[in-house]
Amino acid sequence: MAPHPWTLLALPLVVLLLASVSPPGADAWGKEGHIMVCKIAENYLSEKAAAAVQDLLPPSAGGELSTVCPWADQARWHYHWSSPLHYANTPEVCGFKYSRDCHNSRGQQGMCVVGAINNYTDQLYSYGHSKSSYNLTESLMFLAHFVGDVHQPLHVGYEEDEGGNTIMLHWYRRKENLHHVWDVSIIDTAIKDFYNKSMDNMVETLKMNLTDGWSDDISHWENCANKRATCANDYAIESIHLSCNYAYKDVEQNITLGDDYFFSRYPVVQKRLAQAGIRLALILNRIFDGDETDIKPVQIQ
Ligand SMILES: [Zn+2]
């Protein structure tokens with residue numbers, strides 16, 4: 001497969017890492033969401049995959065994958081082409097179709113979150129090959145971020161309302177939009193109300209759920225028969241279903257969302273964060289520690 005044009009662009013990484021300006025209205029799980037996804041993934045990496053990740057992380061990461069997982073939200077302000085890679089939109093239908101929905105505003109195929117996950121996975125398969133022409137540090141940082149994004153239900157939402165961005169409402173007393181509620185507010189409210197304002201406490205609870213309440217579900221979450229690409233396409237389908245059944249459900253312009261919405265949607269957010277972590281580890285383990293039959297070039301679908 002020919003590399004996508006975006007791989008040919010190169011800004012010095014250090015410039016990007018120093019550019020820590022927070023964009024207004026960032027369009028992704030908030031920082032916390034991405035950090036939590038990656039903290040969970042780190043727990044499930046094989047020894048070989050963990051070593052490869054360590055090798056690829058920039059020095060500023062301090063050896064922790066989770067520190068670089070929000071990076072792509074800053075990079076989009078320099079790499080403008082990367083903005084559409086954080087999401088996919090459907091024409092107001094509760095289903096995702098790669099051929100119909102995975103493109104940027106200029107109609108370039110593959111320029112959506114599903115295409116990006118497969119593309120950066122594909123690039124990372126060249127790790128250890130001396131002729132790799134990719135910046136695999138960036139490939140890893142993009143991949144870790146986008147696997148988080150594809151699990152945020154409204155990152156696969158309706159085109160018409162930009163994944164909930166144009167649905168203005170009140171979250172308790174604060175004015176917000178629906179997309180932001182799912183990126184940030186549900187998580188923030190949980191951390192404040194349930195975890196003594198500590199994100200680490202929330203991560204610990206998610207990890208405990210994984211070894212306890214969800215342990216039977218993990219093999220199901222990991223189930224990915226697609227050997228030619230990741231199962232990001234399936235994760236996007238799950239997200240649009242969750243958008244229809246939970247995120248958009250009973251929501252209209254100017255509504256006030258409070259306890260009813262929070263308590264019924266928070267379990268969905270918890271589960272999506274955990275699934276994203278498990279699946280990111282699965283993808284990285286397949287790339288860096290797959291058996292012979294697993295190691296095949298991954299193609300964009
Ligand atoms: Zn994002």
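The values are calculated or read from the model by the stated rules, or taken from the named source; none is laboratory data. Since we're looking at a predicted model, the values are computed, not measured. Using ideal geometry, Cβ is built from the backbone for each residue, glycine included, and neighbour counts are taken over all protein chains shown.
List of remarks:
- All positions within the stretch 154-198 that are touching a Gly at 6+ places or on another chain (Cβ under 6 Å) and part of a strand (DSSP E or B): G157
- Any helices (runs of 4 or more DSSP H) falling wholly within the stretch 64-133 and containing at least 1 residues that are within 14 Å of the ligand (Cβ to nearest atom): 71-75, 113-124
- Meets criteria (surrounded by fewer than 17 Cβ atoms within 10 Å (Cβ to Cβ) and modelled with pLDDT under 95) for P3: yes
- Residue under evaluation H179, criteria (1) modelled with pLDDT of 95 or more; (2) more than 16 Å from the ligand (Cβ to nearest atom); (3) not hydrophobic (A, V, I, L, M, F, W, C), criterion not met: (2)
- The single condition among (1) within 21 Å of E238 (Cβ to Cβ); (2) in contact with a Lys or Arg (Cβ under 8 Å, 6 or more places away or on another chain) that V114 does not satisfy is (2).
- Selection status of F194, of a type outside the set (S, T, N, Q) and over 17 Å from the mean Cα position of the chain (by Cα): yes
- Any hit, the stretch 130-151, residues being touching a strand residue (DSSP E or B) at 6+ places or on another chain (Cβ under 8 Å), closer than 22 Å to S239 by Cα and without any contact (Cβ under 8 Å) to a residue 60 or more places away in the chain: no
- Being over 17 Å from G33 (Cα atoms) and not β-branched (V, I, T) is a condition met by no residue of the stretch 184-192.
- Any chance D149 is among the acidic types (D, E), within 14 Å of the ligand (Cβ to nearest atom) and modelled with pLDDT of 95 or more: yes
- Condition check for I237: under 19 Å from the mean Cα position of the chain (by Cα), of a type in the set (V, I, T) and at pLDDT 95 or above: yes
- Residue check for L11: away from the ligand (no atom under 16 Å from the Cβ), at pLDDT below 95 and part of a helix (DSSP H, G or I): no
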